[in-house]
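A short write-up of the structure that comes next.
We did not get these values from a lab; they are worked out from the coordinates using the rules stated. This is a predicted model, so every value here is computed, not measured. Because the Cβ atoms are built from the backbone with ideal geometry, glycine has one as well, and the counts that use them run over all protein chains shown.
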Amino acid sequence: MAHKQTSIQSGFGAATTAANVLEGLDLANVTAIVTGGHSGLGLETTRALAEAGAHVIVAARDLDRARSKVAGMENVATARLDLADLASVRDFSERFLAAGRHLDILIGSAGVMACPETRVGSGWEAQFATNHLGHYALVNLLWPALQGGARVVSVSSAGHHQSGIRWDDVQLINGYDKWLAYGQSKTANALFAVHLDRLGQNSGVRAFSLHPGKIFTPLQRHLTRDEMIAAGWLDPNGNPADPTFKTTQQGAATQVWAATSAQLNGIGGVYCEDCDVAVLNEGQFPPFTGVLPYAVDPEQAERLWELSAQLTNINAFALK
């Protein structure tokens, strides 16, 4: 897997926007699902894909809020999906499959970051459950609609540098740390793409993960102003202080690129950043740049898939 993490010299970069990526593309015959497509990077992703002609289904826990955010957008529909509730994931998937429509793009953009300790489902840690298990279940349940040609984009983060999978205590029962929990969930997003691509490519399905960059969005809703000042994101007056932060249009670019770019034809299972395949960081680059080896390790990816199947009792690839 490591050899795949090599720049393809895409010609894009950190300042690229989603509109730049889609310039000249006609997505009129494309159907896309964007989880969390009404907020932050998800909203910009929805807007960019819809303006390029794609039919976009925004999957959101708060349906009224989602409808208000996308009101007036052409080619955009909304549907309820609570990724922390497997019954909701099943209901959403069954309704989509009943329509008999092929799914060309699935972007897992919804997520939670650094929340207080919360338990959902069968006592699952909420960040692992929402960011990873919900998306794992969604893709597996929608597998019949994806087969034949599709891209699945798992929105990870440089936050994966904070923690690999904590195999001895995945649910952080023995001591909760919100940043370790977030880091683990983002590593899970990357590993999910690695194994899904391995399983799906013979059916025409390729998977990618990515770091969108640092962007001010509602994702920071669980952080205090003092925490963001201490991190150097804000100055003492509460104004943006880190020049490496992107706009939401720039932040949405890499997930849109991963979902649509012909530059990635024949490639899959890679972690991307700044609209390119990210380099493998084995300590030769600054922290929080590139991808750490454990996040693209195929053996860990398979182990996580098996654990996820056990926890959710969902696996589209189980031997019949």
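A few comments on the model shown:
- Helix-only CD estimate at 222 nm, as mean residue ellipticity for the chain, using -39500 (n - 2.57) per DSSP H run (n ≥ 4): -9500 deg cm²/dmol
- DSSP loop GluC sites (Glu not before Pro) with at most 13 other Cβ within 10 Å: longest gap in the chain: 118-281
- Once both labels are positioned 7 Å from their Cα atoms along Cα-to-Cβ, the gap between Val279 and Ala19 label points is 3.2 nm.
- Sequence-ordered 3J(HN,Hα) estimates for the stretch 82-90 from the Karplus curve with 6.51, -1.76 and 1.60 and θ = phi - 60° stand at 10, 5, 7, 10, 4, 5, 5, 4, 5 Hz, glycine and proline given as x.
- In this Cβ point-charge picture (+1 for Lys and Arg, -1 for Asp and Glu), the stretch 2-312 has a dipole of about 500 debye about its Cα centre.
- Protection-proxy order for peptides 287-298, 253-264, 186-197, each taking the mean of Cβ atoms within 10 Å per residue, highest first: 186-197, 253-264, 287-298
- Listing Ile314, Ile105 from fewest to most neighbouring C-beta atoms within 10 Å gives Ile314, Ile105.
- Karplus-derived HN-Hα couplings along the stretch 186-197 (A = 6.51, B = -1.76, C = 1.60, θ = phi - 60°), whole Hz, x at Gly and Pro: 6, 4, 4, 4, 5, 5, 4, 5, 4, 7, 4, 4
- Relative contact order for the chain, counting Cα pairs under 8 Å that sit 6 or more residues apart, in percent: 23
- Each Cα pair under 8 Å and six or more residues apart adds its sequence gap; the mean of these over the residue count of the stretch 23-62 is a relative contact order of 50 percent.
- Beta bridge orientation in the stretch 2-312: antiparallel %, DSSP, nearest 5: 15
- Close amide H contacts of Ile57 (hydrogens built in the peptide plane, cut-off under 5 Å, sequence separation of 5 or more or a different chain): Ala32, Ile33, Val34, Ala77.
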